[in-house]
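Heads up, the thing below is written out as structure tokens.
Just so it is clear, none of the values below were taken in a lab; they were calculated from the coordinates. The structure displayed is predicted, hence computed values, not measured ones. All Cβ positions, even for glycine, are placed from backbone atoms using ideal geometry, and neighbour counts span all protein chains on display.
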Amino acid sequence: MLGLMQDWPLLVSKILDHAAINHGNREIVTRTTEGPIVRSTYADLHARSRQVAKRLQMAGVKLGDRIATLAWNNTRHMEVWYGVMGIGAVCHTVNPRLFPEQIDYIINHAEDSYVFLDTTFLPLMEALGDKLPTVKGFVLMTDAAHMPETKLRDVICYEDWLAEADSDFIWPTFDENTAAALCYTSGTTGNPKGVLYSHRSNVLHAMLANQADTLSMTSTDVMLPVVPMFHANAWAVAFAAPAAGAKLVMPGPKMDGESIFELLDGEKVSVTAAVPTVWLMLLNYLEENNKELPHLNQVVIGGSACPPSMIETFEEKYGVEVFHAWGMTEMSPIGTLGRMNAYTSSLPRAEQLAYKAKQGRAPFTVEMKITDDDGKELPRDGAAFGHLMVRGPAISKSYLKGEGGDILDADGWFDTGDVATIDSEGYMQITDRSKDVIKYGGEWISSLELENVAVGHPEVAEAAVIGIAHPKWDERPLLIIIRKEGTNVSKEDILGYMEGKIAKWWTPDDVTFVDEIPHTATGKIQKLALRATFKDYVLPTA
Ligand code: AMP
């Protein structure tokens, strides 16, 4: 017997309709690529997105066509995003921080028919334009007054192009399993792989994001997603904020401490989200300029491990609650978020901090388990660690064009490539990427935990740990440090500081100081590059 409820396909255009009807006056504030801060509303976004949709159809764009964007978080990007998805075309957000060869590869692999780009990325497209045969036009997301001189072929001025359509347009209806958006993973080895979201997965994931124990945005919130729309849907914010009616503050191209502070303060932002490196810049700026964060209530930190010292600084010095989150492009991307539950909220502060440093609990629709090398499930005791496996309706079942083959096991679980523990309260803690864990004889040492402890030293700006080949022990840890400006911390100071905070046999065999640690296009420490730099390093214990 079938249920007798209405058949209402879960389409992302429904999110925008809802925002315009119920929260039409709620603002979207953008720092534009041209410079000034501009204001619009969800009602404006609704109208402009339908205008984009109509204009795309006039250009012959159909269901299933791929349209690329190379753009910052801004209103024009939002209207292209909803306009493209709204007609059943696929919005392919390209990460401009990838290497040019990777950008060339993914646009060709996706067979994008148009590229919408902010003027920032014109030089990039000028260099690549002739290598992208499927692209019929490059739409520069600016107005006639700001159109730069360019030799790029088939250039179109966005505002002139858009003005050829009006917003009198009704969203088409189609199957909720239709592809909506495409985002390539910045794999450390091999070519990037395409993660293809559907309308259904995006709508379900927006609802997951707004669960009370997850991002939990409401119509009174002011959300500043520093995390880019090209990094896994701005961690759901581009869907979840309009679904909630939260005011959106878009940082555009500027993510330095001063620019982010200006928006946090000026727009009275209540909740914000980004990777730890962004927050390092902000915290440095606040400290150097004696600034406070009176309006901010919550900061979501994820993408790579958030050091406990960062959680303490935000919470104790600035009164801002930190939620550590974990996820991945393949998970739309939210996998866990570390809010306190009934048990942990009753604990003394010091014990709570230990839970806050974990990556958090799974929201409804994310299933999670850890397994050993033979695929046997390990206990949820906070001690056993193993391969972190996930399942759910907003998690990939395959990559675009079947790249990488079957990615699910016989029971439908996806191996995240992370190694983790899960405790009896459901809090998951990442121990390492399986590729980065240090193999010490038969034991594993977590590079991540060593980094977290080292970065707590007041004179350490950033820390990375890699395994170095050891004649007796397989691998031993090397700690790589960037000192804070004007300090001269020594190896002995740092190892002394770490003593007692880690197991003795985890103690790094050596500490080396550098000026820079390389990061990937999504802000993670590039362990592969570090391992290449230090491949001939000889440990003093060798
Ligand atoms: P991406 O798809 O680029 O977002 O990368 C996903 C990967 O980033 C995960 O599989 C983790 O290895 C890592 N990651 C994301 N969030 C965290 C976190 N909070 N702590 C540690 N690693 C994280």
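Observations, loosely collected:
- With the simple spin-label model, which puts each label point 7 Å out from Cα in the Cβ direction, the Tyr105 to Ala127 separation comes to 1.6 nm.
- Fewest-first ranking of Phe534, Phe261, using other Cβ atoms within 10 Å as the exposure measure: Phe534, Phe261
- By average C-beta atoms within 10 angstrom, highest first, the peptides 451-457, 507-513: 451-457, 507-513
- Under 22 Å from the Cα of Lys376 - lysines, other chains or at least 8 residues apart: Lys397, Lys435, Lys439
- If you plug the beta carbon distance of Thr512 and Ser434 into 1/(1 + (r/R0)^6) with R0 = 30 Å, you get a FRET efficiency near 0.75.
- Each Lys and Arg contributes +1 and each Asp and Glu -1, all at the Cβ; summed about the Cα centre of region 438-533, the dipole is approximately 260 debye.
- Among Tyr42, Tyr158, Tyr399, a tally of other beta-carbon atoms within 10 Å of each Cβ gives an order, fewest to most, of Tyr399, Tyr158, Tyr42.
- Antiparallel content of DSSP bridges confined to the chain, in %, to 5: 55
- Nearest 10 degrees, 0 to 90: helix 42-58 Cα axis against the chain principal axis: 70
- Mean separation of Cα contacts under 8 Å, 6 or more apart, over the residue count of region 12-198: relative contact order %: 22
- In this structure, the amide hydrogen of Thr41, modeled 1.01 Å from its nitrogen in the peptide plane, lies closer than 5 angstrom to those of Ile28, counting only residues at least 5 positions away or on a different chain.
- Think of region 385-441 as a dipole: +1 on every Lys or Arg Cβ, -1 on every Asp or Glu Cβ, centred on the Cα centre; then among Tyr399, Leu388, Gly441, Tyr399 lies furthest on the positive end.
- Using R0 = 45 Å, the C-beta based FRET efficiency linking Leu280 and Leu4 works out to 0.25.
- The Ile156 and Glu312 beta-carbon pair, evaluated with R₀ = 60 Å, returns a calculated FRET efficiency of approximately 0.75.
- Calculated from backbone phi, Karplus (6.51, -1.76, 1.60) coupling profile of region 361-370 in Hz, x at Gly/Pro: 9, 7, x, 4, 4, 9, 9, 9, 8, 10
- Computed from phi, the 3J(HN,Hα) profile of region 90-106 under the Karplus parametrisation 6.51, -1.76, 1.60 (θ = phi - 60°) reads 10, 8, 9, 7, 8, 7, x, 7, 5, 5, x, 5, 6, 5, 4, 4, 6 Hz, with x in place of Gly and Pro.
- Debye, to nearest 20: dipole size of region 222-351, +1 on Lys, Arg Cβ, -1 on Asp, Glu Cβ: 380
- Along the axis of the charge dipole computed for the chain (Cβ charges of +1 for Lys and Arg, -1 for Asp and Glu, origin at the Cα centre), the listed residues Phe314, His470, Cys183 are led at the positive end by Cys183.
- Region 464-521 and region 157-190 have Cα centres spaced 45 Å apart.
- Nearest-ten-degree value, helix 12-23 long axis tilted from longest Cα axis of the chain: 80
- Amide H contacts under 5 Å for Asp432, placed H, 5+ residues apart: Val419
- Between Ala145 and Trp444, the modelled labels are 5.7 nm apart [label points 7 Å from Cα along Cα→Cβ].
- Note on Glu258 and Thr173: the model spin-label points, each 7 Å out from Cα along the C-beta direction, lie 5.3 nm apart.
- When Tyr343, Tyr184, Tyr440 are arranged by Cβ crowding within 10 Å, least crowded first, meaning fewest neighbours, the order is Tyr343, Tyr440, Tyr184.
- Taking the DSSP beta bridges with both ends in region 50-183, the antiparallel portion is around 0 percent.
- Charge sum, other residues only, whose C-beta stays under 12 Å from Asn191's C-beta, Lys/Arg counted +1 and Asp/Glu -1: -1
- Cα centroid separation, region 399-462 to region 17-61 (Å): 39
- Note on region 312-338 and region 210-226: Cα centroid distance 12 Å, given to the nearest whole angstrom.
- Restraint check, Lys151/Lys254; Lys317/Lys484; Lys14/Lys247; Lys193/Lys501; Lys14/Lys254, Cα-Cα greater than 28 Å: Lys193/Lys501; Lys14/Lys254
- Sorting the segments 214-221, 359-366, 248-255 by their mean number of nearby beta carbons within 10 angstrom, highest to lowest, gives 248-255, 359-366, 214-221.
- 12 Å reach of a label modelled at Gln57, 7 Å along Cα-to-Cβ, counting backbone N of region 141-170: 166-170
- The chain, dipole about Cα centre (Lys/Arg Cβ +1, Asp/Glu Cβ -1), debye to the nearest 20: 620
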